[in-house]
Amino acid sequence: MFKKSFAYTVFWPRLRRNRLAMLGGTVVLMLFVISLLAPWLSPYHPSTINAWEVLQPPTCQHWFGTDELGRDVLARVLFGARISLKVGFVAVGIAVLLGMTVGLLAGYYGGWLDTLLMRLVDIMLCFPSFFLILAVIAFLQPSIWIIMAVIGLTGWMGVARLVRAEVLTIREMEYILAARCIGCSDLRIITRHILPNALSPVLVAATLGVAGAILTESALSFLGIGVQPPTPSWGNILTSGKDYIEFAWWLSLFPGLAILITVLSYNLLGEGIRDALDPRTIR
């Protein structure tokens, strides 16, 4: 399993030397804190309508301006961060849990089970994930929980392949054979010896997957089949902004920047984690 000595002497020093990864991690941490403190950071409620301040440009009173209903855009962006991060973490959690289970079973037992599960993965990969999500949501009532579940249930295949590849290598190592010789059960071998050593690619895939899930949720909300108003989401803020983009540029600029910065930060952090865990580059 991952030992403390590796984390302290190899992983963290290597990650810390990667300035872009540290920048991405810092931004991710700040976004997490901002989403938690949104009710206290925002002077307005995101759903409060003010007919006297419709489509006001950014001012000292409304830093990000107001929308077509007079709602404060800054408040909606801050609360929208909660939705986007929640979707990202829960959807990726579902995908990682399902992918790890499939990958562990296929890689450890092999044989017909491996063949069956990998053919299922191949079939799932034949369908473009975004269009598969659109097809599923078209038959269901759009809600944040449905979106999180659908994104998670259509994004586990890559994790399954990564975990299977790691397990195929780990199961042939001597300490796994020793564990079998002393009578350890399959469940103990998988959970105590194989799973901890197969987590490196999962950690990278999960970090990058959060960015993908946030993008998917934003795209669905932008198309009107994701998070429904009045619940603020970066995607549905962009939807309202596209009708006023010629004279209310702030409605598209600020949620667009929020999506850009968040996705870029997760990608930088994920790339940094991958480089730090790569044994071929450890010196």
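The values are calculated or read from the model by the stated rules, or taken from the named source; none is laboratory data. Since the structure is predicted, the reported quantities are computational estimates derived from the model, not experimental observations. In this analysis, Cβ positions are derived from the backbone assuming ideal geometry, glycine residues included, and neighbour counts consider all displayed protein chains. The area values use the complete protein model at the heavy-atom level, side chains included, leaving out ligands, DNA and RNA. Shrake-Rupley method; radii C 1.70, N 1.55, O 1.52, S 1.80 Å.
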Name the pairs whose Cβ atoms lie under 9 Å apart, with the first residue in the range 16-28 and without any contact (Cβ under 8 Å) to a residue 60 or more places away in the chain, the second in a helix (DSSP H, G or I) and surrounded by fewer than 18 Cβ atoms within 10 Å (Cβ to Cβ), and 6 or more positions between them or separate chains? Arg16/Met22
When Ser84 is run through (1) within 21 Å of Gly212 (Cβ to Cβ); (2) out of contact with any Gly (no Cβ under 9 Å at 6 or more places or on another chain); (3) hydroxyl-bearing (Ser, Thr, Tyr), the failure sits at (2)
Within the range 172-184, identify whether any single residue is under 24 Å from Leu116 (Cβ atoms) and in contact (Cβ under 8 Å) with a residue 60 or more places away in the chain, and answer yes or no. no
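Check Gly111, Gly80, Gly103, Gly88 and return the single one that is buried (at least 22 other Cβ atoms within 10 Å of the Cβ) and either free of Cβ contacts under 8 Å to residues at least 60 places away in the same chain or within 29 Å of Met173 (Cα to Cα) (or both).
Details: Gly111 fails: buried (at least 22 other Cβ atoms within 10 Å of the Cβ); Gly80 fails: either free of Cβ contacts under 8 Å to residues at least 60 places away in the same chain or within 29 Å of Met173 (Cα to Cα) (or both); Gly88 fails: either free of Cβ contacts under 8 Å to residues at least 60 places away in the same chain or within 29 Å of Met173 (Cα to Cα) (or both).
Residue meeting the stated conditions: Gly103.
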Looking at Arg76, Arg119, which one is under 24 Å from the mean Cα position of the chain (by Cα), in a helix (DSSP H, G or I) and of a type in the set (Lys, Arg)? Arg76
Sort out which residues of the range 122-157 are at pLDDT 85 or above and surrounded by 19 or more Cβ atoms within 10 Å (Cβ to Cβ), and write them in order of number. Met148, Val150, Ile151, Gly152, Thr154, Gly155, Trp156, Met157
How do the pairs read when you match residues in the range 200-220 that are under 9 Å from Gly270 (Cβ atoms) with residues anywhere that are among the basic types (Lys, Arg) and assigned to a helix (DSSP H, G or I), using Cβ under 7 Å and keeping only pairs 6 or more apart or on different chains? Val204/Arg274
Only unsatisfied item for Pro57, checking (1) surrounded by fewer than 16 Cβ atoms within 10 Å (Cβ to Cβ); (2) assigned to a helix (DSSP H, G or I), is (2)
Of the residues that make up the range 163-177, is at least one at pLDDT 85 or above, hydroxyl-bearing (Ser, Thr, Tyr), in a helix (DSSP H, G or I) and open to solvent by less than 20 Å² (accessible area, probe 1.4 Å)? no
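Might you let me know whether the range 23-41 holds any residue that is farther than 20 Å from Ala258 by Cβ and open to solvent by 20 Å² or more (accessible area, probe 1.4 Å)? If you could, list the steps in order and put the result at the bottom.
We begin by selecting, within the range 23-41, every residue farther than 20 Å from Ala258 by Cβ; these are none.
Checked against the condition, which is being farther than 20 Å from Ala258 by Cβ and open to solvent by 20 Å² or more (accessible area, probe 1.4 Å), the range 23-41 yields no hits at all.
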Only unsatisfied item for Pro196, checking (1) touching a helix residue (DSSP H, G or I) at 6+ places or on another chain (Cβ under 6 Å); (2) closer than 25 Å to Val28 by Cβ, is (1)
Looking only at the range 231-264, filter to residues that are open to solvent by 10 Å² or more (accessible area, probe 1.4 Å) and of a type in the set (Ser, Thr, Tyr); which one of those is farthest from Phe79 (Cα to Cα)? Tyr244
